[in-house]
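Before any comments, here is the structure.
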Amino acid sequence: MSVHPWNLVAILLMGIATYACRGGGYWLFRQVSPSPAIRAILSYIPGTLFVSFVVPALVHGGVQPVVGAAATAGLMLATRNMTLAIGGGVAAAWVVWLLR
């Protein structure tokens, strides 16, 4: 198997860009102290990123992801156990996949 040199260059540049973004954030927050309001706003970012990944999969994925997400949400509301909810959602999506 041969690897094209430009692929290696692209991978290297993506790694540098990722490190710069992460390191830049740590550097920035060492330079400034965000106010409590900014800290509160930033605390919502992980949830919004998760939603931005899940919604397109639900919209374009068909029945299987919708059933899995519904099972996950229902189990989470019923049990408040994240491990059980995720496992049940995966199992429900898997059953839909098997029945197709």
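The values are calculated or read from the model by the stated rules, or taken from the named source; none is laboratory data. All figures in this text were calculated on a predicted structure; none of them were measured in a lab. Cβ coordinates were reconstructed from backbone atoms using ideal geometry, including for glycine residues, and neighbour counts include every protein chain displayed.
Entry remark, the range 21-50: residues being surrounded by 10 or more Cβ atoms within 10 Å (Cβ to Cβ) and within 27 Å of residue 68 (Cα to Cα) number 2 in total. Taken over the range 72-100, the residue count meeting the criterion of being under 18 Å from residue 53 (Cβ atoms) and surrounded by 14 or more Cβ atoms within 10 Å (Cβ to Cβ) is 6.
Among the residues of the range 77-92, those that are over 18 Å from the mean Cα position of the chain (by Cα) and assigned to a helix (DSSP H, G or I) comprise 77, 78, 79, 84, 88, 91, 92. In this entry, residue 54 passes the filter for residues that are assigned to a helix (DSSP H, G or I) and at pLDDT below 95.
Applying the criterion of being assigned to a helix (DSSP H, G or I) and of a type in the set (Gly, Ala, Ser) to the residues of the range 16-42, the residue that is farthest from the chain's Cα centre (by Cα) is 37. Screening the candidates 58, 77, 49 for the property of being touching a helix residue (DSSP H, G or I) at 6+ places or on another chain (Cβ under 6 Å) and among the aliphatic types (A, V, I, L, M) yields one hit, 58.
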